[in-house]
Structure formats: structure tokens, C-alpha cells
Amino acid sequence: MAAMLVRMLAIALNTYREAVRARLLLGIFALGLATCAYSLVIATLSLHNETRVVADLSAASMSLYGVIMAIAIGSTSLYRELEHRTIFPILSRPIARWEYLLGKYFGTMLTVAVFVGVDAAASLMLLAIEAGQPPARVATALVVDAVALLALLLATRRGRVFAAIFFTPIAVLVSFYLASPAPDERQLIAASAVLAVCEVAVVASVATMFSSFSTPVLTATFTAMVFVIGRSTDTMARLPQKALGPAVATAAHALARIFPNLHVYVPARTLLLGHAPTIAVWPYVAMAAVQAVAYSAGLLVLGIVAFRRRDFA
């Protein structure tokens, strides 16, 4: 059991290392941070709703860019190994195909989780500024983050690319404390970050399943289609038969039952703020996480079966 976990961890860390060095993903990461910064500009145009604008725009960007990153990694990571033929010496060692595929999936999840964590930390820091946190305290928090990052870089000289894994929780905790003047919006960003990771878990498992037997273009296309349909399942389940006809409505209802309901991971703002009368925030997030694990496990099993039967010749 321990040896199996070590093998999967090695594949996951290698996937993470390759992903963070890719220019496309670095561009997505920079775009996510730029969107957070741009929320300050939009906030200045609002009337006494600055914290709301920062929180809402940051939550939306974490979800959107996280999904894009998951599709990009999931559709190209395995194919790159096949194209460069680096998969053959790996699978010639005592490692099962399912261990390799799961390692790829966990590497994707690790990469996106770090991105969402850094994005959430930046969003909370901006929220603290808009909420009226004293500039001296914000500067002190930035110094703490800088010192922690420098210490991690010095401690991991041979693997500095992994320093972000340990730095992200520190940055999130510091920023979360700093955003205490806006507790409701802080909760919205924190819950949105967790839900974004849950949604990415489902999307990444879809991408992993398709990549186990398909090309990168088809994998990205199919995964994007599943994402769009998953976000629309609530609407599809309520399509009226009178307006569109029974055939279209029946097909839409069937798709809504088959595809994962990704709308669960972007709930109403009222719920995330804790103002919903019958639903508490964190129990809802916990149930959404359980649902994500169940969907991901089923999809990964399908991917493992397909990957076992794949002929690399």
C-alpha cells in the first residue's frame, strides 16, 4: 500500500512540475491574478458595494480559470507522455496503468488547487483593502508572505517549483485573517474556493477519462461540452414541453439526469453568505464535496478500464 502511494505521488509531482512550467498555464495563472486586480477597478465604479464586487468577481474567476486549467492539463498531459514516448520506460517499471492514470489525475488536481489557493489569497487580500484594513497591517501581511516564500525557496533549492505547494496554505491563512473586517464576503470567497476545487475535481476526472482513449483536441472538446451541459442541467431539467416539443424536452431531461450537475458548485450568493433560511453554508459545501468525490471516482474507473485496454503500439 505504501509503495503504491509512493509511485502515485511520484507521478503526481512530476505532472505538477511539468504543468507549472507550461507557458499556457502560466498565462492562465497570470490572467486569473489580473482579473483579481481588475476587480479593484470595477469596485471603484460601484456605489458602496466595493467589497461585494471584489468578492463576486474573484469567486467567478476562480471557478472559470480553474476549469480552463483542468481542461488544458487533463487533455494534454497524457498525450505529451505518449508523443515523447516517456510513458514506455515508466510503465516498464513495477507500476500499474491505473496507478499511472490516477497519479496524472492527482497531479492535475494539485496544480489547480495551488492556483485556486493563490487566487483566493490574492482575492482576500484585495477584499481586506476594500474593507478598510489599515495599510500598515496589509503591508505586514505581505512581508510575512514574502518571508515565508523566501524561506521555502531556500529550503527547497533542488525543487523550488514545489515551494508554492507549501506557501499557498500560509498565504490563504494570512489573507483570511486580514479580511476579517468583511466576514460575509470573506466567507463567500472561502466557500467559492472550496466549491471551485470540487467542480474542478469532476471536470478533471472527465478530462482524464477522455484522454485515456482520445486525442487532446477531442478530449478538450468533449470535456468542455460536459462542462457546459453540467452547468445547464438545472435549466434543461425544467424545459417546458409546450414551447420546445416533447422530443426536445425529453432529451434535455435525460441529459440532465445523466450528466453531473455542476450548477451545484456555483450556488446563489445568498447561500454563500449564510443568509439562506434553510441551508447552512458549510454543510452544503460538504455535501457538494461528497458528490464531487462520487462523480470523480466513477469517471476515473471508466478511464482506468479504457486505459488498460489501450494499445500503445
In the stretch 281-296, residue surrounded by the fewest Cβ atoms within 10 Å (Cβ to Cβ) [restricted to those that are touching a helix residue (DSSP H, G or I) at 6+ places or on another chain (Cβ under 8 Å) and among the hydrophobic types (A, V, I, L, M, F, W, C)]: Trp282
Yes or no: the stretch 232-251 includes at least one residue that is surrounded by 13 or more Cβ atoms within 10 Å (Cβ to Cβ), more than 18 Å from the chain's Cα centre (by Cα), modelled with pLDDT under 75 and not in a helix (DSSP H, G or I). yes
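Might you check whether a residue that is surrounded by fewer than 18 Cβ atoms within 10 Å (Cβ to Cβ), at pLDDT below 90 and over 17 Å from Ala193 (Cβ atoms) occurs anywhere in the stretch 48-59? Break it down into steps so the answer makes sense when it comes.
Initial filter on the stretch 48-59 (surrounded by fewer than 18 Cβ atoms within 10 Å (Cβ to Cβ)): 48-49.
Now narrow it down to the ones that are at pLDDT below 90: 48-49.
Filter once more, so that each one left must be over 17 Å from Ala193 (Cβ atoms): 48-49.
Yes, there is a match, as at least one residue in the stretch 48-59 is surrounded by fewer than 18 Cβ atoms within 10 Å (Cβ to Cβ), at pLDDT below 90 and over 17 Å from Ala193 (Cβ atoms).
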Selected residue [free of Cβ contacts under 8 Å to residues at least 24 places away in the same chain, touching a helix residue (DSSP H, G or I) at 6+ places or on another chain (Cβ under 9 Å) and either of a type in the set (S, T, N, Q) or closer than 24 Å to Gly303 by Cα (or both)] from Thr44, Thr108, Thr51: Thr44
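Looking only at the stretch 64-102, which residues are among the small types (Gly, Ala, Ser) and in contact with a Ser or Thr (Cβ under 7 Å, 6 or more places away or on another chain)?
Of everything in the stretch 64-102, those that are among the small types (Gly, Ala, Ser) and in contact with a Ser or Thr (Cβ under 7 Å, 6 or more places away or on another chain) turn out to be Ala70, Gly74, Ser75, Ser77.
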Could you please find all residues in the stretch 15-36 being surrounded by fewer than 12 Cβ atoms within 10 Å (Cβ to Cβ) and either under 15 Å from the mean Cα position of the chain (by Cα) or under 18 Å from Leu124 (Cβ atoms) (or both)? Ala34
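The values are calculated or read from the model by the stated rules, or taken from the named source; none is laboratory data. This structure is a prediction, so every number in the text was calculated from the model and none was measured. All Cβ positions, glycine included, derive from the backbone under ideal geometry; neighbour counts span all protein chains shown.
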